[in-house]
Amino acid sequence: MSLLYDVLIVGGGPAGVACALMCKRHGLSHLLLESGKAAFQGIAHSYPAGKLVYPTIPKDASEPFLVEELRPPEEPVTVEEYLRKVQEVVRQGGLNIQTETSLQDIHEERGVLTVRTDRESYRARKVILAFGCNIPRELTVYGDAKMVAKGLDDVEKYIGIKTLVIGGGNSAADVIISILRAKREANDSTPVFWAHRAETFRVNKETAQRLGEEILLGGNIRLLPGAIPRIGEVDSQGMERLVIRINIFEQPDGIDLYHALSFPMQNVIACIGSQGPGPIFERLGIQLITCTGGVCKIGKEGERLALLTAEFESTRRGIHIIGGAISPSFMRISEGAIVEEKHPNLIYTALNDAWHAVEAIRRKLNG
Ligand SMILES: Cc1cc2nc3c(=O)[nH]c(=O)nc-3n(C[C@H](O)[C@H](O)[C@H](O)COP(=O)(O)OP(=O)(O)OC[C@H]3O[C@@H](n4cnc5c(N)ncnc54)[C@H](O)[C@@H]3O)c2cc1C
């Protein structure tokens, strides 16, 4: 029988890592599951290079930062510097982290929660869901495209190979800039293909300037506007490939002609945006409340918000939800009533939620 952890944490961003630190501090056994290659993958993927990280505290907050180790410095530092500091905290903290593992579902039997992942199953007395709000969208094609990366984990991987980046916005552009820079520094002239299903790419001025700079410094980029990923297939050598249609010529006889490129899936990165955690909550059977008839001030009409206690416990007993996953608001059960609670998506909120959730769990487990 596998180990029974006191707390199993899903998601290794500020909220999840803060939970692991708190568990360690209180002597609770824990395991943190992170889908990316390292802790704080969400931030590493979503912040543009060089972005400053601010230690923002909401105006109406009554508490200071409660997990000081992960607090962004008062004098803002770049995301790279903040990530270095965090990795040091993770290393020194002796946290129990399992990377490249993604949550699938959770079963309960006689008070024990079994968390099924894409690798194996783990058992825990309590679960904290801290997977943030940026759940990368999956590429939908005929066949399977699971091998396609959803962000840039390790830029070195793309040196010396023709790379395809899919997506038309800033996050795709940021990934391309990083790859072009790494290729330039390694004297590698292999191209980066940039595909987008629309005819125009939409990036902000600052990103466009950085991209332009890389191109002028020799970056080899091939634009593929109007390109549509179609098929995930395995070739005769057993390699998984993504076929992307780059143009179509409609013929009067109805037999259309089109051109397509086929890339090894390991050369492809899809930056096609993210979706909220709603579909995961539904899959896990977390009760959601629909904002209707002007009930919500922050949630939009028709939006479905997680229903939680003041200690962030959901209606599935033993499962808590914290951090960006419940921003910008959730429904709180308060003295018999259900009220919408504002929950800004900030590092401060993620850290302080973690403190409160683990504190509540500690009290419960210690009887
Ligand atoms: C561009 C940008 C700039 C920002 N700047 C600031 C700032 O300056 N100051 C500030 O306070 N806040 C800032 N924020 C907000 C801040 O980053 C978030 O509030 C914070 O990261 C939320 O932390 P979290 O741990 O809840 O979620 P995340 O940081 O999103 O972490 C969630 C983690 O869970 C992992 N995960 C997802 N799904 C699964 C799964 N199924 N199984 C296992 N793991 C999973 C992800 O890989 C990720 O590592 C910014 C946000 C963005 C997008």
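The values are calculated or read from the model by the stated rules, or taken from the named source; none is laboratory data. Note that the coordinates shown come from a computational prediction; the quantities given were computed from them, not determined experimentally. Using ideal geometry, Cβ is built from the backbone for each residue, glycine included, and neighbour counts are taken over all protein chains shown.
Structure summary
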{"read-out": "Those residues of segment 344-367 which are more than 10 Å from the ligand (Cβ to nearest atom) and in contact with a helix residue (DSSP H, G or I) (Cβ under 8 Å, 6 or more places away or on another chain), in sequence order", "value": "W355, A357, V358, E359, R362"}
{"read-out": "Entirely in segment 169-268, the strands (runs of 3 or more DSSP E) that have 3 or more residues that are closer than 16 Å to Y158 by Cβ and under 29 Å from the mean Cα position of the chain (by Cα)", "value": "192-196"}
{"read-out": "Counted residues, segment 132-150 - those being part of a loop (DSSP other than H, G, I, E, B) and either out of contact with any Ser or Thr (no Cβ under 8 Å at 6 or more places or on another chain) or free of Cβ contacts under 8 Å to residues at least 24 places away in the same chain (or both)", "value": "11"}
{"read-out": "Candidates E109, E100 - the one that is among the acidic types (D, E), modelled with pLDDT under 95 and at positive phi", "value": "E100"}
{"read-out": "Residues that are assigned to a loop (DSSP other than H, G, I, E, B), within 14 Å of the ligand (Cβ to nearest atom) and either within 14 Å of Y82 (Cβ to Cβ) or not aliphatic (A, V, I, L, M) (or both), drawn from segment 53-63", "value": "Y54, P55, T56, P58, K59"}
{"read-out": "Test: residue in segment 15-36 that is surrounded by fewer than 19 Cβ atoms within 10 Å (Cβ to Cβ), at pLDDT below 95, in the same structural domain as F312 (by TED's automatic domain parsing) and under 18 Å from the mean Cα position of the chain (by Cα)", "value": "no"}
{"read-out": "Residues that are near the ligand (Cβ under 9 Å from one of its atoms) and either in a helix (DSSP H, G or I) or closer than 12 Å to P58 by Cβ (or both), drawn from segment 311-343", "value": "G323, G324, A325, I326, S327"}
{"read-out": "Number of the exception - L103 against (1) away from the ligand (no atom under 11 Å from the Cβ); (2) out of contact with any Leu (no Cβ under 6 Å at 6 or more places or on another chain)", "value": "(1)"}
{"read-out": "Boolean, E335 is in contact with a helix residue (DSSP H, G or I) (Cβ under 9 Å, 6 or more places away or on another chain) and free of Cβ contacts under 8 Å to residues at least 60 places away in the same chain", "value": "no"}
{"read-out": "Residues of segment 62-98 satisfying the condition of being within 19 Å of the chain's Cα centre (by Cα), over 17 Å from L129 (Cβ atoms) and touching a residue at least 60 places away in the same chain (Cβ under 8 Å)", "value": "L70, V86, V90"}
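Yes or no, residue by residue, for (1) closer than 21 Å to A325 by Cβ; (2) more than 10 Å from the ligand (Cβ to nearest atom); (3) among the acidic types (D, E):
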position	(1), (2), (3)
I43	yes, no, no
A49	no, yes, no
R91	no, yes, no
V127	yes, yes, no
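Residues checked against (1) of a type outside the set (G, A, S); (2) within 30 Å of F249 (Cα to Cα); (3) in contact with a Ser or Thr (Cβ under 7 Å, 6 or more places away or on another chain):
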{"site": "A173", "(1), (2), (3)": "no, yes, yes"}
{"site": "S178", "(1), (2), (3)": "no, no, no"}
{"site": "N204", "(1), (2), (3)": "yes, no, no"}
{"site": "E214", "(1), (2), (3)": "yes, no, no"}
{"site": "G226", "(1), (2), (3)": "no, yes, no"}
{"site": "G232", "(1), (2), (3)": "no, yes, no"}
